[in-house]
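Undergrad: Quick one: the structure is below, and I'll ask about it shortly.
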Amino acid sequence: MVETNTQQTEAANAAVEFIGTGRRKTSVARVRLKPGQGHIFINNRPLEEYFMRSILRARIRQPLEVTATANKFDVHVNVHGGGMTGQAGAILHGVARALVQADADLHVPLSKQGFLTRDSRMVERKKYGRPGARKRFQFSKR
């Protein structure tokens, strides 16, 4: 009887997952939080293997540390588009949104840190008649 209760509890925990979508520049991250020990996997690779720069790894962990849930959830992320910095920002946004789904009381501390705000800055498009978005061709009077 005890084993069946344990199995039922494990099955219930496995079924519980919180989903958040994060975006930054052209990167999109789909984040799934599951109850666990605090492991982070990005595109089926460990965090340390995917992001070599420690500052990006620290940025991704920020929402978990602010809410003191770093060892309560396993994080599984699918991310595509953009570069490393954009992807890290998208993952941060997605993790924060998933945490709010897990516990609505976390909305205030995450919002104060600015983790729930979508960073809307994008690359400005190139205009016709110019070499770039704002750059001009060299001017000569004659």
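Undergrad: In the range 119-142, how many are within 23 Å of Arg53 (Cβ to Cβ) and within 16 Å of the chain's Cα centre (by Cα)?
TA: If we filter the range 119-142 for residues that are within 23 Å of Arg53 (Cβ to Cβ), which is where we start, we get 119, 121-123.
Filter again for within 16 Å of the chain's Cα centre (by Cα), leaving 119.
Adding up the residues that qualify gives 1.
Undergrad: Sticking with this one: Would you mind stating whether Met122 is more than 28 Å from Gln37 (Cα to Cα) and among the aliphatic types (A, V, I, L, M)? Spell out the reasoning first.
TA: Details: more than 28 Å from Gln37 (Cα to Cα): yes; among the aliphatic types (A, V, I, L, M): yes.
So Met122 passes the test.
Undergrad: On to the next question. Which one of these does Phe73 not meet: (1) over 23 Å from Val16 (Cα atoms); (2) in contact (Cβ under 8 Å) with a residue 24 or more places away in the chain; (3) touching a Pro at 6+ places or on another chain (Cβ under 8 Å)?
TA: (1)
Undergrad: Taking the range 39-91 only, how many residues are surrounded by 14 or more Cβ atoms within 10 Å (Cβ to Cβ), of a type in the set (D, E, K, R) and part of a strand (DSSP E or B)?
TA: So the count comes out to 1.
Undergrad: How many residues are hydrophobic (A, V, I, L, M, F, W, C), farther than 18 Å from Thr21 by Cβ and not in a loop (DSSP other than H, G, I, E, B) if we restrict to the range 108-142?
TA: If we filter the range 108-142 for residues that are hydrophobic (A, V, I, L, M, F, W, C), which is where we start, we get 108, 110, 115-116, 122-123, 133, 137, 139.
Checking which are farther than 18 Å from Thr21 by Cβ leaves us with 108, 123, 133, 137, 139.
Narrowing the set further to residues that are not in a loop (DSSP other than H, G, I, E, B) leaves 108.
The total comes to 1.
Undergrad: Taking the conditions exactly as written (out of contact with any helix residue (DSSP H, G or I) (no Cβ under 6 Å at 6 or more places or on another chain) and under 30 Å from Lys135 (Cβ atoms)), does His39 satisfy them or not? Walk me through it before giving the result.
TA: Working: out of contact with any helix residue (DSSP H, G or I) (no Cβ under 6 Å at 6 or more places or on another chain): yes; under 30 Å from Lys135 (Cβ atoms): no.
No, not satisfied.
FYI, it's all coordinate maths here, none of it is from the lab. These numbers were taken from a predicted model, which means no experiment stands behind them. Ideal geometry is used to build each Cβ from the backbone, glycine not excepted, and the neighbour counts take in all protein chains shown.
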